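The values are calculated or read from the model by the stated rules, or taken from the named source; none is laboratory data. Not measured: the values here are computed from a predicted model. Quick reminder, even Gly has a Cβ in these numbers, built from the backbone with ideal geometry, and neighbours come from all protein chains shown. Surface areas here come from the heavy atoms of the whole protein model, side chains and all, with no ligands, DNA or RNA. Shrake-Rupley method; radii C 1.70, N 1.55, O 1.52, S 1.80 Å.
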Protein chains: 2
Amino acid sequence: MEQQQSRGSKLKEFPYLLESHKDTMVGLISAVENRLGSHLLPSSVPPDVEYYQNDSGSSQGTLYIRCGIHSSPIDCILASWLHLEQPTGAFDITNIAGYLKSSTDVPHFQFELVQCSPTYFILFLDLIPRKDIVLHPDYLKTYYEDTKIEALRQRLDQLSEVKPYFSSSLYFRCVVSPTGILVSIKCEDGGTERVEEIIREHVGPISNEIMGIWMDMCIGKGVEVGETERAVLEKRDTLIKSKAIEMDLSSSMPKQFGQEVADRVLRVIKSAFKT
Amino acid sequence: MEQQQSRGSKLKEFPYLLESHKDTMVGLISAVENRLGSHLLPSSVPPDVEYYQNDSGSSQGTLYIRCGIHSSPIDCILASWLHLEQPTGAFDITNIAGYLKSSTDVPHFQFELVQCSPTYFILFLDLIPRKDIVLHPDYLKTYYEDTKIEALRQRLDQLSEVKPYFSSSLYFRCVVSPTGILVSIKCEDGGTERVEEIIREHVGPISNEIMGIWMDMCIGKGVEVGETERAVLEKRDTLIKSKAIEMDLSSSMPKQFGQEVADRVLRVIKSAFKT
């Protein structure tokens with residue numbers, strides 16, 4: 001247990017981040033551990049994947065994965081931070097995601113906050129649909145309309161520094177829910193101070209609220225999924241996960257960390273994703 | 001035939017519109033008639049639905065529907081304009097849509113340009129997916145990636161007056177494709193002259209290009225759809241059409257035109273939509 005704590009705490013150090021960015025990440029991870037802890041097995045990520053770096057140490061990464069116990073609807077919780085030194089400056093990517101088993105159709109949770117420069121951030125915050133909403137309007141009603149999460153998206157959208165962000169991946173655009181928050185936050189005038197403020201007063205609270213709604217869904221009754229439907233959910237989930245790896249990691253990880261480290265990390269993620 | 005022409009021309013009068021808005025609509029309808037004319041039956045819309053108005057004549061509407069011949073993959077082409085006098089000013093809604101049969105999985109075509117005020121427009125221009133793209137990445141590749149329509153969306157997005165528009169209907173947001181153009185065009189500084197220019201130089205040409213790509217798909221080989229898949233396509237198409245009627249027409253038509261006129265028009269649309 002002591003080892004477990006020390007391993008988990010490496011993730012929670014979050015060096016390089018703005019204070020409010022770090023607080024948001026720590027808050028989200030703590031919320032999951034407190035509320036869903038009894039659903040989760042200890043992290044099984046090997047130490048050399050829990051923390052890794054490139055040869056020069058300029059790029060660093062962490063990975064935290066906790067799988068759900070047999071009786072839980074939770075498949076796995078995944079969190080990470082990446083610090084990448086690039087010719088144009090440093091990139092800091094932080095991420096926490098919750099994936100569910102095909103025994104439930106509750107959406108997956110996804111939070112990703114990327115610092116591209118001291119005054120330019122990209123935020124992706126969403127409950128990712130497990131079904132084709134066009135064909136299942138009842139799914140939209142249960143998880144998106146009745147939960148009133150559109151109001152949270154609109155709250156953030158009102159800030160003049162916040163603009164819709166279009167992913168270069170057309171596939172990814174289809175994965176996002178209709179209330180998904182995919183925005184850039186650019187504070188050319190207010191500088192880093194204003195970014196700090198936006199994350200502390202808006203991004204943090206809204207992320208917490210959406211995660212709270214999601215955890216209610218996870219622990220709640222949920223909809224029982226039949227055999228045929230389960231196969232479709234599994235196929236869809238696998239496609240989403242494979243595409244996420246392909247888009248985010250397959251090409252960039254070897255470039256940033258070298259092939260050996262990249263292979264080691266990707267093997268652990270793919271194993272958790274069962275892809 | 002003479003009667004057919006005179007009936008069609010009522011639609012093409014497009015009163016109340018800016019010159020470039022009218023030209024864009026006439027151009028799109030002519031393109032469909034020239035290229036797909038041999039696929040289409042004459043309009044079967046009764047005269048009192050082809051043109052209708054409210055008691056005072058302040059709100060007016062037209063409807064044009066041509067169904068595909070038996071051997072065509074085209075189900076129907078629908079075009080209309082609506083002029084609605086409201087306490088806050090006039091609204092002019094113009095629309096042209098192409099729906100396909102379930103024998104093909106080619107996307108539907110949709111163009112809608114709404115003048116909310118002399119300097120404020122909303123544009124919806126899209127090839128609407130017939131399948132859940134998350135589950136069918138090959139569908140995305142064939143109809144959206146290989147056709148390079150994202151470049152057209154980006155071309156319009158570069159104009160400072162053009163902003164992403166979020167529909168209040170969460171369902172509708174899911175219907176839109178990943179390259180769908182759903183934007184507001186606001187020209188507070190340049191006035192009506194600048195709107196004229198944006199429609200003439202950007203909206204018109206881009207709409208024409210996207211319609212051209214769509215007509216190539218319709219007439220092209222297309223993908224043959226099997227029996228099981230056809231049932232899913234039909235269910236999905238019916239839901240999209242029903243929701244469109246529910247969202248756009250069911251509540252607003254009776255308010256604008258009175259129940260009797262609204263019932264008459266909706267009956268014709270529902271019959272064409274088979275909903």
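A few points about this structure:
- With label points defined 7 Å past Cα in the direction of Cβ, position residue A:228 shows copy-to-copy spacings of 0.9 nm, given to one decimal and shortest first.
- Hydrodynamic estimate: the Kirkwood radius of the protein assembly as shown over Cα pairs, inserted into Stokes-Einstein at 37 °C and 0.692 mPa s, corresponds to D of 128 µm²/s.
- For the stretch B:121-275: rounded, prolate or oblate by the Cα gyration tensor [a/c cutoff 1.5]: oblate
- Extending 7 Å from Cα along the Cβ direction at residue B:189 and again at residue B:13 yields two label points whose distance is 3.9 nm.
- Candidates A:128, A:213, A:74, ranked by Gaussian network fluctuation over chain A, Cα under 10 Å, top entry: A:213
- Two-site label geometry, residue A:227 and residue B:141: point separation in nm, points 7 Å out along Cα→Cβ: 3.2 nm
- Euclidean distance of C-alpha centroids, the stretch A:171-225 and the stretch B:31-100, integer Å: 41 Å
- Candidates per trypsin sites (Lys or Arg not before Pro) in the stretch A:39-133, loop by DSSP, up to 14 other Cβ within 10 Å: none
- Sorted shortest first, the separations between the residue B:263 label point and its copies elsewhere in the assembly read 7.4 nm; each point sits 7 Å from Cα along the Cα-to-Cβ line.
- Rounded if a/c under 1.5, otherwise prolate or oblate - the stretch B:85-170, Cα gyration tensor axes: prolate
- Over the stretch A:2-225, the fraction of Cα-Cα pairs per 5 Å bin, rounded to whole percents and listed from the shortest bin up, is 1, 6, 14, 18, 19, 17, 13, 8, 3, 1, 0.
- Dipole magnitude of chain B about its Cα centre (Cβ charges: Lys, Arg +1; Asp, Glu -1), debye to nearest 20: 640 debye
- Three-way shape call for the stretch A:16-63 based on the alpha-carbon gyration tensor, with the a/c threshold at 1.5: oblate
- For chain B, the solvent-accessible area of protein heavy atoms averages 44 Å² per residue (probe radius 1.4 Å; ligands and nucleic acids excluded).
- Accessible area buried, both sides summed, chains B and A with 1.4 Å probe, Å²: 2400 Å²
- Looking at the stretch A:187-226, the trypsin sites (Lys or Arg not before Pro) that sit in a DSSP loop and have at most 11 other Cβ atoms within 10 Å of their own Cβ are A:221.
- Counting only other chain Cβ atoms within 10 Å of each residue's Cβ, the peptide B:150-156 averages 1.
- For chain B, modelled as a GNM whose springs connect Cα atoms under 10 angstrom apart, the maximal fluctuation among B:240, B:77, B:133 occurs at B:133.
- Expressed as a whole percent, the accessible area of the stretch B:2-225 that falls on carbon and sulfur atoms is 50 (1.4 Å probe).
- Nearest beta carbon of chain A to the A-to-B rotation axis, with distance in whole angstrom: A:132, 2.
- Legend: distances between Cα atoms for A:235/A:270; B:163/B:235; A:101/A:243; A:243/A:274; pairs beyond 21 Å are B:163/B:235.
- Choice from A:57, A:212, A:180 showing the highest fluctuation, given a GNM over chain A with Cα pairs closer than 10 Å: A:57
- Across the copies of the chain, residue A:103 has label points (7 Å from Cα along Cα→Cβ) spaced 4.7 nm apart, shortest distance listed first.
- Under the span-like rule (Cα at least 24 Å along the axis, Kyte-Doolittle mean at least -0.5), DSSP H helices of chain B: B:19-36
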